[in-house]
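Everything on this sheet refers to the single structure shown next.
The values are calculated or read from the model by the stated rules, or taken from the named source; none is laboratory data. Please read these numbers as outputs of a predicted model, since none were measured by experiment. For neighbour counting, all protein chains shown are included, and Cβ atoms are generated from backbone atoms with ideal geometry for every residue, glycine included. Note: areas computed on protein heavy atoms with side chains; ligands, DNA, RNA excluded. Shrake-Rupley method; radii C 1.70, N 1.55, O 1.52, S 1.80 Å.
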Amino acid sequence: MKESENLFEGEWQITEMAKWDHKAINLVSQANIIFDDDEMGSLLYVAVRGFMDCRYSQRNGRPLVEFSWQGRDERDETCGRGWASIEEDGSMSGHIYIHCGEDSSFGAVCLAH
């Protein structure tokens, strides 16, 4: 996918996660996922902060990103993977996995492109 076609680029506020309530997902700071213009990015939710390596494509005609990430959950090093797609209304939905740990679906809205 060319940079000019990257609908993910920018900052997205994670508004919901199936595993945790709103207060928990914003425990440390406002939960977010950020996609940079260089196929990298970051995520923050609950006490997890990670740095992502992203791959963009399409699935069923919808924009898709798959990513691996590494970072910390509180003070423990951790890593994982995830994916997200952009919905018809412009919101994002996806799933984040912690290696050998918890996982959750999520929803997000774009704050800035």
- Task: Can you run down the residue pairs with Cβ atoms below 8 Å, 6 or more apart or on separate chains, where the first is in region 92-109 and over 14 Å from residue 45 (Cα atoms) and the partner is of a type in the set (Asp, Glu)?
- Result: 93/87; 101/73
- Message: Can you report the number of residues in region 86-106 which are under 16 Å from residue 62 (Cα atoms) and surrounded by 17 or more Cβ atoms within 10 Å (Cβ to Cβ)?
- Response: 3
- Item | Enumeration of residues in region 63-85 that are over 15 Å from residue 96 (Cβ atoms) and open to solvent by 80 Å² or more (accessible area, probe 1.4 Å) | 74, 75, 76, 77
- Pick from region 1-41, criterion exposed (fewer than 15 other Cβ atoms within 10 Å of the Cβ) and of a type in the set (A, V, I, L, M), ranking: modelled with the lowest pLDDT: 28
- Taking residue 53 and the conditions (1) buried (at least 17 other Cβ atoms within 10 Å of the Cβ); (2) over 20 Å from residue 13 (Cβ atoms); (3) without any contact (Cβ under 8 Å) to a residue 40 or more places away in the chain, which numbered condition does it fall short on, given that it satisfies the others? (1)
